[in-house]
Amino acid sequence: MKKSEINFQVTLDEQSIPEQIHWTATENPNEGVEETKAIFIGVWDHYHKGTLALPLWTKDMDVLEMKRFYIEVMGSVAESLVKATGDQKMAFQIDDLCRVLTKNLQEEIKAAQQPQA
């Protein structure tokens with residue numbers, strides 16, 4: 001039986017805030033340890049019938065990047081939802097929300113780039 005592994009290593013500061021996040025995976029096409037600024041892991045707890053979520057990000061991650069990260073996570077959820085359940089309607093609704101959030105984020109980025117009067 002084939003097995004696959006994903007490993008995360010989080011370096012914390014004195015207040016237990018992530019400073020660095022590194023990961024490796026057997027299925028990663030890139031070799032070696034990768035660095036990232038954020039991860040979001042969701043695990044289904046079948047006993048309690050709920051999701052255990054583990055969102056982590058480094059303290060130097062930009063807020064606008066974080067917003068984009070969450071929009072892209074939701075887009076990935078829509079894609080995997082179709083593969084897992086075939087529910088196109090629900091996936092389209094998630095994608096619609098992602099489009100609205102992306103537009104809002106683009107406006108926020110544009111406003112942040114405008115010189116202050």
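Just so it is clear, none of the values below were taken in a lab; they were calculated from the coordinates. It should be emphasised that the depicted structure is a prediction, and the values quoted were computed from it without experimental measurement. Quick reminder, even Gly has a Cβ in these numbers, built from the backbone with ideal geometry, and neighbours come from all protein chains shown.
What FRET efficiency, computed as 1/(1 + (r/R0)^6) with R0 = 22 Å and r the Cβ-Cβ distance, is obtained for THR26 and MET90, rounded to the nearest 0.05?
E(calc), rounded to 0.05, equals 0.10.
Only Cα pairs under 8 Å and at least 6 apart count here; give the relative contact order of segment 1-59 as a rounded whole percent.
Relative contact order comes out at 28 percent.
So if we plug the beta-carbon distance of LEU101 and MET1 into 1/(1 + (r/R0)^6) with R0 = 41 Å, what FRET efficiency do we get, rounded to 0.05?
0.55
Counting only C-alpha contacts under 8 Å and six or more residues apart, can you give the relative contact order of the chain as a whole percent?
Values: 124 pairs, mean separation 18.3, N = 117.
Rounded, it is 16 percent for the chain.
Please get the size of the charge dipole for the chain, origin at its Cα centre, with Cβ charges of +1 on Lys and Arg and -1 on Asp and Glu, quoted in debye to the nearest 20.
On the way: 12 positive and 19 negative charges, 104 e Å.
Computed about the Cα centre, the dipole is about 500 debye.
Just to be sure I understand: with springs between alpha-carbon atoms less than 10 Å apart, which residue in LYS49, LYS37, LYS59 has the highest mean-square fluctuation in the Gaussian network model of the chain?
Of the options given, LYS49 has the highest mean-square fluctuation.
Of the residues GLU65, GLU107, GLU27, which exhibits the maximal mean-square fluctuation in a Gaussian network model of the chain defined by a 10 Å Cα contact cut-off?
Per the Cα network of the chain with a 10 Å cutoff, GLU27 tops the list.
Measure out, as a whole number of angstrom, how far apart the alpha-carbon centroids of segment 1-58 and segment 92-117 sit.
27 Å
So which of LYS2/LYS89; LYS59/LYS83; LYS67/LYS103 end up more than 22 Å apart, counting from Cα to Cα?
LYS2/LYS89; LYS59/LYS83
Quote to one decimal, in nm, the extra length available between PHE8 and GLN114 on full extension: 0.36 nm per residue of separation minus the C-alpha distance between them. Display every interim value, and only then the final one.
Values: separation 106, 0.36 × 106 = 38.16 nm, distance 3.80 nm.
Taking PHE8 through GLN114 to full extension adds about 34.4 nm, to one decimal.
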